[in-house]
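Below: one structure, written as structure tokens.
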Amino acid sequence: MENYFIKKDDLKTEITLENAAKFVLYEIYPGIIFAFNEVYTGVLPKMTTGEAEDCICTINYAADGTCGLYSSNGKYIYLRAGKLMISNEQAKHSFEYPVGSYYGIEIFIMRRALKNKELLSFFKIDIEQLLYTYLQGSDTTVIVENMNLFKNTISDIMMLYENRIVDLNLLRLHTFYILRMLTAGAVEFRCGYEGALSRSQVNMAKRAEQILTSDLMNRETIADIAGEMGISATSLKNYFRAVYGQNISEYLKEKRIDQAKKLLAETNLSVLDIANRVGFESQSKFTAMFHAAIGLTPTEFRRSISQREIGRM
């Protein structure tokens, strides 16, 4: 914890790691802590505190990005955007964020919550039943499948945070809704180890990402890369999606768009030159892809950047 800065007041606890992460925690009920998690790096060290050791269960929702948990049995379990994970595992060494950023919410259920049941009983929330339903074994993680049940309440929670509205009663109600739905067993879920990866499989996905993005003009195919690794193209695609939360084609499209925007804003290269540099042989195909992604042609985007620069003068 020596690298983390902790600030507490009567309302919340803020834990920050400079230029890397920010966690805002609220104890909304004795033994139930709600957190907003923002991460801007690829790896974070595990936080080891007495409070962490008292945690018997976490419920994580990934709003954006991918979070990887290297579990005690040597497997990587990845939580992708739009999914909810329930776990009683602790990270073995660190948490991993393959795309370099992450945004989500987390509910910590501490051991002392088992002693404060009055209000939870009123809402028919049974922590012990929840643990039995989803986490019957030790070191267990499950991924919730039917997220439609939580769509509206999670959207409301995110809106509160993004608008800097701190209302513990609303946070409590939304959290109780999530816990009630889980207690009622109204959700479909699968074992987190289904699709979990070994270290070598993770490394293959990362190596493929490095090859594909280090030079966007590279014409090497997925089949070629997979062949060099001695695996099938299908396996490599599955590993990649598990780690990065997207199909390879979707991931590369975003990388090409980001690089194109940077070149349009910071250089005087022609649109054709930029198209070539981000992996397109045809300017027309590049323009169509760029327009579909951001609603402007490359020329219109460059013009909008110039107009904003003039406006600042």
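Taking the conditions (1) within 25 Å of residue 22 (Cβ to Cβ); (2) without any contact (Cβ under 8 Å) to a residue 40 or more places away in the chain; (3) of a type in the set (Gly, Ala, Ser) in turn, residue 100 satisfies each one other than (2). Can you tell me how many residues in region 43-66 are at pLDDT 90 or above and touching an Asp or Glu at 6+ places or on another chain (Cβ under 8 Å)? The qualifying residues number 4.
Within region 210-221, the presence of at least one residue that is assigned to a helix (DSSP H, G or I), buried (at least 19 other Cβ atoms within 10 Å of the Cβ) and at pLDDT below 95 is confirmed. Given the criteria without any contact (Cβ under 8 Å) to a residue 12 or more places away in the chain, within 27 Å of the chain's Cα centre (by Cα) and part of a helix (DSSP H, G or I), does residue 262 qualify? Yes. Quick check on residue 254: is it of a type outside the set (Gly, Ala, Ser), without any contact (Cβ under 8 Å) to a residue 60 or more places away in the chain, surrounded by fewer than 18 Cβ atoms within 10 Å (Cβ to Cβ) and assigned to a loop (DSSP other than H, G, I, E, B)? When the stated conditions are applied, residue 254 does not pass them.
Here residue 204 clears all of (1) of a type outside the set (Lys, Arg); (2) surrounded by 19 or more Cβ atoms within 10 Å (Cβ to Cβ); (3) assigned by TED's automatic domain parsing to the domain that holds residue 303 except the condition numbered (3). A single entry from 83, 22, 75 fulfils the requirement of being buried (at least 17 other Cβ atoms within 10 Å of the Cβ), of a type in the set (Lys, Arg), at pLDDT 90 or above and closer than 30 Å to residue 241 by Cβ: 83. Scanning region 189-231 for residues that are more than 26 Å from residue 82 (Cβ to Cβ) and β-branched (Val, Ile, Thr) yields 211, 221, 225, 231.
So for region 233-240 (the condition being of a type outside the set (Phe, Trp, Tyr) and in contact (Cβ under 8 Å) with a residue 60 or more places away in the chain), does at least one residue qualify? No: region 233-240 contains no residue that is of a type outside the set (Phe, Trp, Tyr) and in contact (Cβ under 8 Å) with a residue 60 or more places away in the chain.
The combined condition, being surrounded by fewer than 19 Cβ atoms within 10 Å (Cβ to Cβ), assigned to a loop (DSSP other than H, G, I, E, B) and not assigned by TED's automatic domain parsing to the domain that holds residue 62, is fulfilled by residue 268.
The values are calculated or read from the model by the stated rules, or taken from the named source; none is laboratory data. The structure presented is a predicted model; accordingly, all values stated were derived computationally and were not measured. Positions of Cβ are backbone-derived with ideal geometry, glycine not excepted, and every protein chain shown enters the neighbour counts.
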